[in-house]
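S.K.: Below: one structure in structure tokens.
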Amino acid sequence: MEEFVYIDGKKYRRGYTTGSCATAVSKAAVYMLLTNEKIDTVNIDTPKGIYLSIPVVSSEIKKNEDTGEIYSICSVEKDGGDDIDATNGIEIFAKATWVYEDEIDKTSEKFSFEGDGFCVFSGDGVGIITKKGLSIEPGRPAINPVPQKMIAKEVESVLKASGENVLNDKNSLDNRKKVIKITIFIPKGEEVANKTFNPRLGIVGGISIIGTSGIVEPMSDDGWKKSLSIELNMKKELGMDKIILVPGNHGESFISDRIGENSSVVRTSNFLGYMLMEAKRMGFKKILLAGHIGKFIKLSAGIFNTHSKVADARNEILIANLALMGASTELVRKIDSCLTTEEATDIVYENGFGEVFDIICEKCKKRAEMHVDNEIEIEVFIFKMDKTVLGKSKNAEKMLDSFRK
């Protein structure tokens, strides 16, 4: 693997996903079960076309003295590279053992999938899906389709390399077929899951085995966007046709203070434009936007990624709107010297120009509706850090009322 990438002139180290980790430990555990040999590293291919050699952190081959069962257990450590990742450093395990095929309980919520000569279950620390809208049906382990394919490919390669008769050799005299049962477990998975999006997505009991490429690209927004989009899709699966979009915690708290906890709220982070287009794609009809002035003043000027590294023209946008209202040169210079929008709002009100925030809300509404080709009705609230309403579009209160329980 090409270990480093360059982003905005800086050097970052790549990593690998929980899906790659689960694939590696599954392959290693099966290999040890079949050969009775421990290994130090395990090699896998990834959907991105990058070949990985992953160190095996721990490995054991044991025999259950009561049953005579031989089984193998091994682990690898998740390496997220230089990406900001709650699962970085977590140890992911797999256990492999022989079982009779007719004793596999496919109705168990721990059953994930099966292949030719093997089946995969989840253990402690791997989340269970509880809501619709994800790529796995409710009541199954959060082991996503791409990691399932990766595991199947690598395990089947080990079985094939071990000889065509390896499975037949394990069949009993009464013709009961044996297969290899792989159990993936993550001792700290439930603890770490609380730091991820899983609780919001209805994934309980642990983390998800995910990854569409097998590789973690550092500082990439793609995974974050996908998590946000998944939550939006889950709301649609519940039959919702209107939604409340907020950038983050402050927006959620703002809505909660006014109408109580509401299941229609979805976070956008800085990706307002992306989430608006996802809402359009999914067929939502109405959207209420609620955000802090520091974020939404950018939206009013057509900036749909509100991260400061993308665009930071907060003072300039506010100054332009105040100038159109007839503000003095002295006032706009005061605004220009402000370090935060919070400081600027106080000066705006002191000088009698509070109406500018309603104007900004109407501009946010217009920009957002244009962004989705006027296919969604949108209303907007803007507030301060203390959750005081600064401004609102004309029908924002009416739309907010429609979300009340």
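The values are calculated or read from the model by the stated rules, or taken from the named source; none is laboratory data. In this text the structure is predicted, and so the values were computed from the model without any measurement. Cβ coordinates were reconstructed from backbone atoms using ideal geometry, including for glycine residues, and neighbour counts include every protein chain displayed. Note: accessible area is taken over every heavy atom of the protein model, side chains too, but ligands, DNA and RNA are not part of it. Shrake-Rupley method; radii C 1.70, N 1.55, O 1.52, S 1.80 Å.
S.K.: Given the rule -39500 (n - 2.57) for each run of at least 4 DSSP H residues, summed and divided by the residues of the chain, what is its mean residue ellipticity at 222 nm, to the nearest 500 deg cm²/dmol?
M.R.: Numbers: 13 runs with 140 residues, N = 405.
Computed ellipticity for the chain at 222 nm equals -10500 deg cm²/dmol.
S.K.: So, one more: Where the accessible area of the range 37-195 is counted over protein heavy atoms with a 1.4 Å probe, how much of it, in %, is carbon and sulfur? Write down the numbers at each step before the final one.
M.R.: Details: 3670 of 8400 Å².
After summing per-atom areas, the C and S share lands at 44 percent.
S.K.: Let me ask you something else. Which percent of the Cα-Cα distances in the chain go past 38 Å? Can you show the working numbers first?
M.R.: Details: 29461 of 81810 pairs.
Tail of P(r) above 38 Å: 36 percent of Cα pairs.
S.K.: Please report the projected area of the range 42-96's Cα convex hull averaged over all directions, in nm².
M.R.: Details: hull surface 20.4 nm².
Seen from a random direction, the Cα hull of the range 42-96 projects 5.1 nm² on average.
S.K.: At 25 °C and 0.890 mPa s, grab the translational diffusion coefficient of the range 100-234 from Stokes-Einstein with a Kirkwood Rh over Cα pairs, rounded to a whole number in µm² per second.
M.R.: Values: Rh = 16.3 Å.
Result for D is 150 µm²/s.
S.K.: Take the alpha carbon atoms of the range 174-209, find their center, do the same for the range 230-303, and report the distance between the two centers in whole angstrom.
M.R.: Taking the Cα centre of each part, the range 174-209 and the range 230-303 sit 30 Å apart.
S.K.: From the phi angles alone, apply the Karplus equation (6.51, -1.76, 1.60; θ = phi - 60°) to the range 84-95 and give each ³J(HN,Hα) in whole Hz, x where the residue is Gly or Pro.
M.R.: Along the range 84-95, the couplings run 7, 8, 5, 8, 4, x, 6, 9, 10, 10, 9, 10 Hz.
S.K.: If you roll a 1.4 Å probe over the range 255-348 with all protein chains in place, what percent of the accessible area is carbon or sulfur?
M.R.: Values: 1930 of 3910 Å².
Heavy-atom surface of the range 255-348 belonging to carbon and sulfur, 1.4 Å probe: 49 percent.
S.K.: Okay, next question. What is the diffusion coefficient of the range 9-154 in µm²/s, taking the Kirkwood radius over Cα pairs and the Stokes-Einstein relation at 4 °C with a viscosity of 1.567 mPa s? Kindly include the intermediate steps, with their values, before the conclusion.
M.R.: Details: Rh = 16.3 Å.
My calculation gives 79 µm²/s for D.
S.K.: Put a dot 7 Å past each Cα toward the Cβ at Glu397 and Ala311; how far apart are the dots in nm?
M.R.: Using points 7 Å along Cα→Cβ, the separation is 3.1 nm.
S.K.: Compute from the Cα atoms of the range 281-405 the Rg and the Dmax, the latter being the longest Cα-Cα distance, and quote both in angstrom.
M.R.: 14.7, 48
S.K.: Let me ask something additional. What whole-number value in Å² describes the accessible area per residue of the chain for a 1.4 Å probe? Walk me through the intermediate numbers first.
M.R.: Numbers: 19340 Å² over 405 residues.
In whole numbers, the chain has 48 Å² accessible per residue.
S.K.: What ranking do 100-109, 326-335 get when scored by the average of other Cβ atoms within 10 Å per residue, highest first?
M.R.: 326-335, 100-109
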